[in-house]
Amino acid sequence: MNKEDRITPLFEDLKKVLEGKVEDAQLRNTIKTYIEDYGVDENRAKAAIIKKFDPSTTSGFVTADTVSKKIGDLTGTEMNIDLTVKIVYVESREVSIRGKATPILSGIIGDDTGTCSFTIWDRDDITLIKGGTYSFRNAYTKLFRNQAQVNIGTRGKIEEVDADIDVRSTQMPSSEPTVAKIGDLTEGMGSVTVTGRILSIEARNVIANNEPKTVYSGIISDESGKVQYSAWNDFSLNEGDTIRVKNAYVRSWRGIPQLNMGDRTEVEKVDDNLIELDDTVNRRTVAEVINVGGAIDVEIDGMAIDLREGSGLIGRCPTCNRAVRDGECSLHGRVEPVADLRMKLIIDDGTGAISAIVDRGNTEGITGISLSEAERMSGDAGDPSVVSRRIAEIVLMRKVSVNGNVLSDEYGPTMIVKGISFKPVDVKAGAERLYEEMEATL
Ligand SMILES: [Zn+2]
């Protein structure tokens, strides 16, 4: 496909969304810049351009007219489509989005052209029944790990349809029984057997399809890694038990695989000696984590190769905690920002690179610069960027060890860092660090 062919469809889509907000010629040029000069894919270009010309846009795109589509034709860039689908699998849960408990329904939908995963955001007014047929209206799609995912936001509509659909299984979880290591679990595994130790368990009462149910969840580990599990039955699980789980399936949340024990799952207690956990359990390479989409509680060693924009001394909205730009919160307008310190690092371990978001405590710890000191530096220089420049001098091109959870979204894999430290590479680096720590205390 030549480049002109990539620009025109994007132009037609964006023209509808940005009606009256930008001249045609300017829009076409901007698309060209993103696609040809920046080399970004259509999906990201679209999101970036909408944001550029219509900063008030939040998630979900509003277009004048919708198009009916089949799952097999989805590209992951649709902004407003209608689908008629059968529910292959559905689960409800609550997730925390910017600190707010938000109900979501997610699972797999199918039609006669294929299957894909879906998520319905922040809607407690919708009940879906497995095997039922529904029309999804005003849906949008995103591309995740090369597969289109269907999303319904607050503008979307869902109606039950009196029809049956013969689902063609394309991306259905494979039903071939697979024996897997926990570190290799990835989205789409449909009948998996793992052996591991229950590290934690908690019971929660939830409402699923209008009925109260108890769901058990926690963390299970083997030598290759840890994974969150959830069980919809009481399998008499106990903390510390070593168990073999047969016929479980894997679903991902923001790229992080989770092991689900459903109606068909069998659990048996096995000999504790089958699993020997030591302190290398959490060690992974960037490539290993990217291959499975994400992971909890992993440790990665690599080089800090870049400090991204938005690092150093930043201001946050006192209401929603979002980072503010020029004193403006994207949601709450002009606010009196609360100062914070953070790093957005890119860490490369030779197998790949991930972003790492480092909070104030860890940033203060590794740089030796406290928030109050950062504010003083910024005040003296009359420029907050003096802080990020100083941080870059301290951390860039140094070997670090980071640990935390790695999730993936359309911007790629990101670690939410729980701990970070320099890896001593040689005596000189060690001496420099000592010097920096002394300097920081002066
Ligand atoms: Zn705000």
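The values are calculated or read from the model by the stated rules, or taken from the named source; none is laboratory data. These figures come from a predicted structure and were not determined experimentally. Note that each Cβ is placed from the backbone with ideal geometry, even for glycine, and that neighbours are counted across all protein chains shown.
Hey, does the stretch 371-382 have a residue that's within 22 Å of the chain's Cα centre (by Cα), charged (D, E, K, R) and either surrounded by fewer than 18 Cβ atoms within 10 Å (Cβ to Cβ) or not in a helix (DSSP H, G or I) (or both)?
No: zero hits.
Can you tell which of E239, E202 is without any contact (Cβ under 8 Å) to a residue 60 or more places away in the chain, assigned to a strand (DSSP E or B), out of contact with any Leu (no Cβ under 6 Å at 6 or more places or on another chain) and acidic (D, E)?
Going through E239, E202 in turn, the sole match is E202.
Yes/no matrix, rows are residues, columns are (1) of a type outside the set (K, R); (2) free of Cβ contacts under 8 Å to residues at least 40 places away in the same chain; (3) in contact with a Cys (Cβ under 6 Å, 6 or more places away or on another chain); (4) more than 27 Å from L74 (Cα to Cα):
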residue	(1), (2), (3), (4)
V161	yes, no, no, no
V215	yes, yes, no, yes
K226	no, no, no, yes
A231	yes, yes, no, yes
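Of all residues in the stretch 366-387, how many are at pLDDT 95 or above and in contact with a Gly (Cβ under 8 Å, 6 or more places away or on another chain)?
Going through the stretch 366-387 one residue at a time, the tally reaches 2.
Find all pairs meeting these conditions: Cβ atoms under 7 angstrom apart; at least six residues apart or on different chains; first residue within the stretch 259-279 and part of a helix (DSSP H, G or I); second residue not hydrophobic (A, V, I, L, M, F, W, C).
From the stretch 259-279, the pairs are D272/T242; L274/T195; L274/T242.
Condition (residue is more than 26 Å from the chain's Cα centre (by Cα) and surrounded by fewer than 17 Cβ atoms within 10 Å (Cβ to Cβ)) applied to the stretch 318-326: is it met by at least one residue?
Yes: one or more hits.
Pairs under 7 Å by beta carbon, first residue within 16 Å of T363 (Cβ to Cβ) in the stretch 322-342, partner in a strand (DSSP E or B) and of a type in the set (K, R), six or more apart or different chains?
These pairs meet every condition: A323/R316; V338/R316; D340/R316.
Of these, R308, R325, R316, R334, which one is basic (K, R) and away from the ligand (no atom under 16 Å from the Cβ)?
Being basic (K, R) and away from the ligand (no atom under 16 Å from the Cβ) holds for just one of R308, R325, R316, R334, which is R308.
Please give the strands (runs of 3 or more DSSP E) falling wholly within the stretch 87-161 in which 2 or more residues are of a type in the set (S, T, Y).
100-111, 114-121, 133-144
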